[in-house]
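Chemist: Below you will find the structure I want to go over with you.
The values are calculated or read from the model by the stated rules, or taken from the named source; none is laboratory data. What you see is a predicted model; the values in this text were computed from it and never measured. Please note: Cβ atoms are built from the backbone with ideal geometry, for glycine as well, and neighbour counts cover all protein chains shown. Remember, those area values only see protein heavy atoms, side chains included, never the ligands or the DNA or RNA. Shrake-Rupley method; radii C 1.70, N 1.55, O 1.52, S 1.80 Å.
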Amino acid sequence: MDRQDGRKVTFEEALNEAGFGLYSVVLLSLSGLIIISLVCIAYASTIIVPASACELETTTSQKGLLAAVPVIALLLGAVPWGYLTDIYGRKRMLIILLSSSAVFNGLASISVNWIMLLILQFLSTFFSSGQFSQAMSILSESVPMANRNIVVLLVGSIFLLSQGIMALMAIPIIPLSFSYYMPTLGIYWNSWRSLLLLYSAPSLISIIGLLFISESPKFLFNKGLEREALSVVSRIHKINNIWSKKEFPVLDIQRDRPQTTETKTALTDTFSSLFKRPLLKNTIILSTLFLFQQVGSFVLWLPTVSNQFVRILETGEGSDLTLCAIIRSSINTPPDTTTAPCALNVTSLLLVLSVSALQSIANGLISLIINRTGRRNVVICVTAFCGIAGILVNFVPNAIGSAVLYIVFLIGIIALGLYSAIAVALFPTYLRALAVAFTMTIGRIGTFVSVQVLNRLLNDNCEISFYIYGGIFASSAIVAAFLVDDRQLQPKKILE
């Protein structure tokens, strides 16, 4: 670093001086908790819908709506929250959205019927929909470039583990048979209501954590608040080097190029910038990749599928069946009378936890090689391999073998973290949260449709679902090949 100019350096050089330490680890942990908060609220329906079916007397179609409505909320909320985050800041919007989502999710626990549950889950998920891109943005903009890929992928690993954490929280609660009548509301307070209320806890803890961290210094710097940005970077350095007492050598942060009129105009017309050169190609490719990534739709139904899988195997039958044949057989299997009505099997919840752990481990292993192989190349390999595994689920007439291929297919969801990391790298700061939110929204449109389709197909024509979605996912490898090899990108080009 050149310090002959009175220690005036670029933003990235200042952030490198701040280093990676205690503050970075705390922010990484908090970002992970925010992601867990999002999953506990937005995907609570994967456990709550089957668990509440008896009390709310929901039909197959109503269950499909309850599972899909949070996807609509994610779809509608992601882009506006991403835009407001780029305008008003990451920290402020996170506090507002975490508070709102926790309140509406808590109210959902006293729903008197399935329609009230649907409306309140829609609202809680709507307010949580921007948390993923916000957490990714504030984290990636507060750590040195050398650590950026790894921290984004680690948060992605936490995202993948989150459904397992949800299942872990459910294991001691869902099987309970207690029921307390609440005459004012005319409902019974029971296990699924208690669990839904508990799912607000990560959001409340995240709010407390946000009170102790600073706004993204990159956001402040791009808003023209250089002094505030320098103050935040200085604080990051101080906490990161709390034991060494190393002095922060930077006195001023300078722009590596002036903030042009074009950039200022883009701040008032951000959305259209995604559809102009040179960003148009990246927007189209990443939107297509998110759209083709429908493994998440299968993950949404994982607790239900696992429950059906475990139930039929516990009868001592079905060992020579494919996964789809087992799902069909379980429909006619009588319920377990030793547990609460509609309660999910504990073994099936442990299976959900195990699958989530495998997804997280796979994502963590990828983080060890990502800098050498490049994100694009990993995406090509993962989508091709996991997509083909999804197709092969139908060709193995063995319960364990077919289930293993199904799990390999589900591991393909790790591509979501890679797509987000690619978006963070390819889009400039003033568009980053919006770009991540928009491309994810395209995928959520597909997920909404897919959840409804799978709700029918898994029971009526299961094999077709794996042929279609496995094939689409495998074709993502071809689409990803049109992305630039991120190993060839220069730091200045990535982060301008």
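Chemist: 7 Å from Cα along Cα→Cβ at both Glu226 and Asp485: what's the point-to-point distance in nm?
Modeler: 3.8
Chemist: Continuing with the same structure: So what J values fall out for the stretch 170-185 if you push phi through Karplus, 6.51 cos²θ - 1.76 cosθ + 1.60 with θ = phi - 60°, rounded to Hz, Gly and Pro as x?
Modeler: Rounded to whole hertz, the list is 7, 4, x, 10, 4, x, 5, 9, 5, 7, 10, 6, 10, x, 4, 9.
Chemist: Starting from the amide H of Leu321, placed 1.01 Å from N in the peptide plane, find each other amide H under 5 Å away whose residue is 5 or more places distant or on another chain.
Modeler: Ala399
Chemist: Quote the charge dipole size of the chain about the Cα centre in Debye, to the nearest 20; the model charges only the Cβ of Lys and Arg (+1) and of Asp and Glu (-1).
Modeler: 1160
Chemist: Turning to a different aspect of this structure: Can you tell me, using C-alpha contacts under 8 Å and at least 6 residues apart, the relative contact order of the stretch 52-158 as a whole percent? Before the final figure, lay out each step's value.
Modeler: On the way: 91 pairs, mean separation 35.4, N = 107.
RCO, the stretch 52-158: 33 percent.
Chemist: Over 18 Å between Cα atoms: which of Lys218/Lys276; Lys8/Lys91; Lys91/Lys223 fall into that group?
Modeler: Details: Lys218/Lys276 23 Å; Lys8/Lys91 27 Å; Lys91/Lys223 15 Å.
Flagged as over cut-off: Lys218/Lys276; Lys8/Lys91.
Chemist: For the stretch 351-362, take each phi angle, set θ = phi - 60°, evaluate the Karplus expression 6.51 cos²θ - 1.76 cosθ + 1.60, and give the result in whole Hz per residue in order, putting x for glycine and proline.
Modeler: 5, 4, 4, 5, 4, 4, 5, 5, 4, 5, 5, 4
Chemist: Quick one: order Trp192, Trp301, Trp243 from most to least accessible surface, probe 1.4 Å. Walk me through the numbers before you get to the answer.
Modeler: Details: Trp192 5, Trp301 25, Trp243 200 Å².
Highest to lowest solvent-accessible surface, that is Trp243, Trp301, Trp192.
Chemist: Still on this structure, please answer the following. Do the sum for the chain: with -39,500 (n - 2.57) for every DSSP H run of n ≥ 4, divided by all residues, what is the mean residue ellipticity at 222 nm, to the nearest 500 deg cm²/dmol?
Modeler: On the way: 25 runs with 359 residues, N = 496.
Dividing the helical sum by the residues of the chain leaves -23500 deg cm²/dmol.
Chemist: Let me ask you something else. What is the stretch 337-451's relative contact order, in percent, from Cα pairs under 8 angstrom and six or more apart in sequence? Walk me through the intermediate numbers first.
Modeler: Working: 54 pairs, mean separation 27.1, N = 115.
Relative contact order of the stretch 337-451: 24 percent.
Chemist: A further question on this structure: Can you give the relative contact order of the chain as a percent, counting alpha carbon pairs under 8 Å and 6+ residues apart?
Modeler: Working: 817 pairs, mean separation 124.2, N = 496.
Relative CO of the chain lands at 25 percent.
Chemist: Taking H placed 1.01 Å from N in the peptide plane, check which residues at least 5 places from Trp189 or on another chain put their amide H under 5 Å from its amide H.
Modeler: Tyr180, Tyr181, Met182
Chemist: Work out the charge dipole of the chain with +1 on the Cβ of Lys and Arg and -1 on the Cβ of Asp and Glu about the Cα centre, then indicate which of Pro80, Leu300, Phe127 is farthest towards its positive end.
Modeler: Going by the Cα projections, it comes out as Pro80.
Chemist: Could you give me the ³J(HN,Hα) list for the stretch 475-487, computed from phi with Karplus coefficients 6.51, -1.76, 1.60 and θ = phi - 60°, whole Hz, x at Gly and Pro?
Modeler: 5, 4, 4, 5, 4, 5, 5, 7, 6, 5, 5, 5, 5
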